[in-house]
1. Condition first: on the phi > 0 side of the Ramachandran plot and modelled with pLDDT of 90 or more. Now tell me which residues in the stretch 251-295 satisfy that.
2. Give just the number: which of (1) in a loop (DSSP other than H, G, I, E, B); (2) more than 27 Å from the chain's Cα centre (by Cα) does residue 253 not satisfy?
3. Among the residues of the stretch 281-313 satisfying the criterion of being more than 24 Å from the chain's Cα centre (by Cα) and small (Gly, Ala, Ser), which is farthest from residue 236 (Cα to Cα)?
4. Which numbered condition trips up residue 176, out of (1) modelled with pLDDT under 75; (2) surrounded by 14 or more Cβ atoms within 10 Å (Cβ to Cβ); (3) not in a helix (DSSP H, G or I); (4) not polar (S, T, N, Q)?
5. Can you tell me which residues in the stretch 283-304 are among the polar types (S, T, N, Q), under 21 Å from residue 250 (Cβ atoms) and touching a strand residue (DSSP E or B) at 6+ places or on another chain (Cβ under 8 Å)?
6. Name the helices (runs of 4 or more DSSP H) wholly within the stretch 1-119 that hold at least 3 residues that are in the same structural domain as residue 132 (by TED's automatic domain parsing), under 30 Å from residue 190 (Cβ atoms) and at pLDDT 70 or above?
7. Output the number of residues of the stretch 120-142 satisfying the condition of being over 24 Å from residue 233 (Cβ atoms) and at pLDDT below 90.
8. Within the stretch 221-242, which residues are farther than 19 Å from residue 257 by Cβ and assigned to a loop (DSSP other than H, G, I, E, B)?
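The values are calculated or read from the model by the stated rules, or taken from the named source; none is laboratory data. Just so it is clear, the model here is predicted, and its values are computed rather than measured. When we count neighbours, we look across all protein chains shown, and the Cβ atoms used for this are built from the backbone with ideal geometry, even at glycine.
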Amino acid sequence: MAHDLIALIAHYGLVVVFFNVLAEQAGVPVPAVPTLVVAGALAAGDRLPPAGVLLAALAASLISDTGWYLAGRRFGGGVMRTLCRISLSPDSCVKQSELRFQRWRGRMLLVAKFVPGLSTVAPPLVGAMGLRPGAFLLLDGLGSLLWAGAAVLVGYLFAPQVDRVIDAIERAGAAALQGLAGLLVLYILAKWWQRHRLLASLRMARISVEDLNGAIAAGRNPVVVDIRSSAARLLDGRVIPGALLADLEGVHQALAGVPRDRELVIYCNCPNEVSAAKAAQLLMSLGYRNVRPLQGGLEAWQQAGYPVATLPDVPGTGRQRPA
């Protein structure tokens, strides 16, 4: 079976490389690095042109990444939320990429493909953040070449070792493939269980958007706290009017002057209100007695027809609001 794969790559080499990279960068869980390594080993034996392999990988990456980039520019945070709803680590999906964008901005495209979970998220994120098309194509193209070139180079330099590994897999036969499949299933189950435990630990009474609107209309004046990161607010400038802007790490400082018995409502725009629930747990541990996450977050508030405000553009950020 392993040698059948090599024969397939040798015969349809550039086509296999192109469609494998295209699928992986589109978000399909079909890793392209093994194919690129094998293609590099075949190039060492003059069975494939190295430049052709790199060009095929570059073209596939740019096609897929440009699609995500344009989706990010058009739909903004909606694309990010969709990606992270299907992620096995939904709370960290956008947050980690936002933190990297804050530090690296468009330059994170140079390393995105080397970082698990960032490769598919980076193009729509920089699109939503307003990175110019020319800069995107340059940085994404360089990053794609670095990534593909590294994999092809490994296969080229270690062609004999690659052949031995493939021979070993061939000898092991179905047992080896079943073992690898079993490890993959165990990994997915472990991540699912980790996610389940996190959400179970964060189950607490939520407040509905209708109840929050009623509390505001009744003059109870709850303190509404937007717990999203500053990068998330650049990505999506909507806020509930009058909300206090904070983040998970600094929310206790932002509320330093608020009495412990004051009604607090925490909201985010993340799957399952995970960040809001974490912030509520932290504040309750500090002595705040009436803290609840907003069920459905910012999206549910706007969908219910309640008013939202828009943060002003910050000069120098390059932010462009999605149309």
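1. Restricting attention to the stretch 251-295, the residues satisfying the condition of being on the phi > 0 side of the Ramachandran plot are 272-273, 287.
287 - this is the single residue of the stretch 251-295 that is on the phi > 0 side of the Ramachandran plot and modelled with pLDDT of 90 or more.
2. Every listed condition holds for residue 253 apart from (1).
3. 287
4. (3)
5. Going through the stretch 283-304, the residues among the polar types (S, T, N, Q) turn out to be 285, 290, 295, 302-303.
With the extra rule that they be under 21 Å from residue 250 (Cβ atoms), the set shrinks to 285, 290.
Matches in the stretch 283-304: 290 only.
6. Working: elements: 2-11, 13-26, 33-44, 50-75, 77-85, 90-104.
The helices (runs of 4 or more DSSP H) meeting that bar are 13-26, 33-44, 50-75.
7. Number satisfying all stated conditions: 0.
8. Quick first cut of the stretch 221-242, residues farther than 19 Å from residue 257 by Cβ only: 228-241.
Listed by number, the residues that qualify are 228, 229, 236, 237, 240, 241.
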